[in-house]
Amino acid sequence: MRKKINGIFVLALMTMAGCSSKSAVTSTDGTGSNQTSAPSAASTQDVPTAPVGYGFDKYQTGPLGDVFFDYDSSILAPEAQEQLKKNAEWLGSNAAKGALVEGHCDSRGTAEYNLALGERRSSTAKEFLVKLGVGASRIETVSYGEERPFDSAQNEEAWSKNRRAHFVIK
């Protein structure tokens, strides 16, 4: 009984550490696809847009573009889906190549929560590519959580750059 109570307490703490009033509401429709409610106009005012696509990351040397996520979310925005379609097209034309999808987070939340969120982000990107026809065996995932920020500043502009799935060609 004590272990069950401790587990519930830890889960509640982890949930509170990573939650935000700006987080999206998601549900599964039974087909495995996630749906999200649109944020209100008030919550999107004065929020900088996330960088998109290839060449954003100084470590990115190949044709696969990064995808970016909203705060506390692993849901693919339309821009992220478009980038993943481009990535899938390139992978389809280069069957001998594979990819490592790195899940990254901003510095808010606990290290444990961010590792789990980074894993959800990299897995979501992989699942989308697999649905587009890329072989699952060609894509590996890893989560770095908040450990490898692109921008170490502590503001929304920097955080938006760090909330990403980064692609490395193997």
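Please treat every number below as a calculation from the coordinates, not as lab data. On a predicted model such as this, the values are computed, not experimentally measured, just so you know. Note that we place each Cβ from the backbone using ideal geometry, even for glycine, and neighbour counts take in every protein chain shown.
A few remarks follow.
- DSSP bridge pairs, the stretch 48-169: antiparallel proportion in percent, nearest 5: 55 percent
- Cα principal axis extents for the stretch 48-169, largest first, Å: 39, 25, 24
- Cα→Cβ-extended label distance, 7 Å offset, between Leu132 and Ser107, nm: 3.2 nm
- Here the 3J(HN,Hα) profile of the stretch 160-170, calculated from phi with Karplus coefficients 6.51, -1.76 and 1.60 at θ = phi - 60°, is 5, 6, 7, 8, 8, 10, 9, 10, 10, 6, 9 Hz, Gly and Pro shown as x.
- Rg(Cα) / (2.2 N^0.38 Å) computed for the stretch 130-170, rounded to two decimals: 1.50
- Net lengthening on full extension, Glu89/Asp151 (0.36 nm per residue, minus Cα-Cα): 19.4 nm
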